[in-house]
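Some notes on the structure that comes next.
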């Protein structure tokens, strides 16, 4: 049977390598890698992009997407991206950070990089726990959510309020595009692809910092099955403002 | 008589299979070795065409399979939601060669 490329509705993105990803079954990281590879190959940017990886579950991202990568120290990806984008103004530079990396240890770097309006895209994966170390409470954990280190749920008296880092970044004049996306349903996946494309386009046109937050699941950290985790996140997303924030 | 019954059943089921194959709009090919059995594709499929298999792959994961191929409408929802990008979707009757090489279940697809 001959292959007609017109008859293929969906195939594995060509920029993904053949390595099997180490993520748990149903992890949002893997889905976001797929979207990222899809958008980069759609925009023909594979030879013209430098990604900055971060510390967390996504630390081995350079094994999975076939582009140039730099692995930054914990939380310092925006600082590395600043240098790379200033030295290579013709390249698209983006960072890929989790919430433990960006909203916790790297808050300084992201706030100042966004405030300077560096020409980078920040992909922020917010799964509201420290996934790699076993699901401990993170600064982004919502009130009332149970984790390993707050088994009765997060409360204000003991743990304070969750840090809305994406909402903070919308207030800065240096950011040009801030969006909150998800990958829990195929509609969200298609919307997220559009947002990512828009963010990369802004960076190529040197308009300032673009931030795309992905509200993600962590099945192992949340102690849920992948389907349950997606359903839970879908109900939680109704209380959040999704889509373009700035 | 028995022989006739068997013959009739065979012809009948072959005809049914042909009709089902004609109704089928899409073809899903799953790379079973890459699948981790998270079940998101099974949950998201609007036509209930996919199920989790009884078999495990070489890494010990129960993988998903297209048990009811004739229900597939080729919408690619499963491929979009699949975290590990192990699903290829094509229109009916056109199966990509690279996908066939990986798919151990291909021979049982229409059975």
query = Rounded to the nearest 500, what is chain A's calculated 222 nm mean residue ellipticity when only DSSP H runs of at least 4 contribute -39500 (n - 2.57) each, over all residues?
reply = -9500 deg cm²/dmol
request  = Mind checking B:72-82 for the average number of partner chain beta-carbons within 10 Å of each residue's beta-carbon?
outcome  = 5
request  = Label region A:13-137 by shape, choosing from rounded, prolate and oblate, from the square roots a ≥ b ≥ c of the eigenvalues of the Cα gyration tensor; if a/c is under 1.5 it is rounded, and otherwise prolate applies when a/b is larger than b/c, oblate when it is not.
outcome  = oblate
inquiry  = Nearest 5 percent is fine: what portion of the DSSP beta bridges confined to region A:23-244 is antiparallel?
reply    = 15 percent
request  = Just rank A:60, A:94, fewest to most, by other beta-carbon atoms within 10 angstrom.
outcome  = A:60, A:94
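What percent does the relative contact order of region A:36-93 come to when contacts are Cα pairs within less than 8 Å and at least six residues apart?
37 percent
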Neighbour-count ranking [beta-carbon atoms within 10 angstrom, fewest first] of B:38, B:45 = B:45, B:38
inquiry  = Residues of region A:190-217 with backbone nitrogen within less than 17 Å of a virtual label 7 Å along the Cα-to-Cβ line of residue A:43, please, listed as ranges.
reply    = A:190-214
query = With the contact rule set at Cα under 8 Å and sequence spacing of 6 or more, what percent relative contact order holds for chain A?
reply = 19 percent
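Assign one of three labels to region A:23-244, namely rounded, prolate or oblate, based on the Cα gyration tensor with a ≥ b ≥ c the square roots of its eigenvalues; rounded applies when a/c is under 1.5, prolate when it is not and a/b is larger than b/c, and oblate otherwise.
Details: a/c = 1.67, a/b = 1.44, b/c = 1.16.
It is prolate, given that a/c is not under 1.5 and a/b is the larger ratio.
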key: Added length on full extension, which subtracts the Cα-Cα distance from 0.36 nm per residue, residue A:194 to residue A:86   = 36.3 nm
inquiry  = Give me B:13, A:220 sorted ascending by neighbouring Cβ count inside 10 Å, so fewest comes first.
reply    = B:13, A:220
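Bear in mind these aren't lab numbers, they're just calculated from the coordinates by the rules spelled out. Predicted model, so just to flag it, every value in this text is computed and none were measured. Quick reminder, even Gly has a Cβ in these numbers, built from the backbone with ideal geometry, and neighbours come from all protein chains shown.
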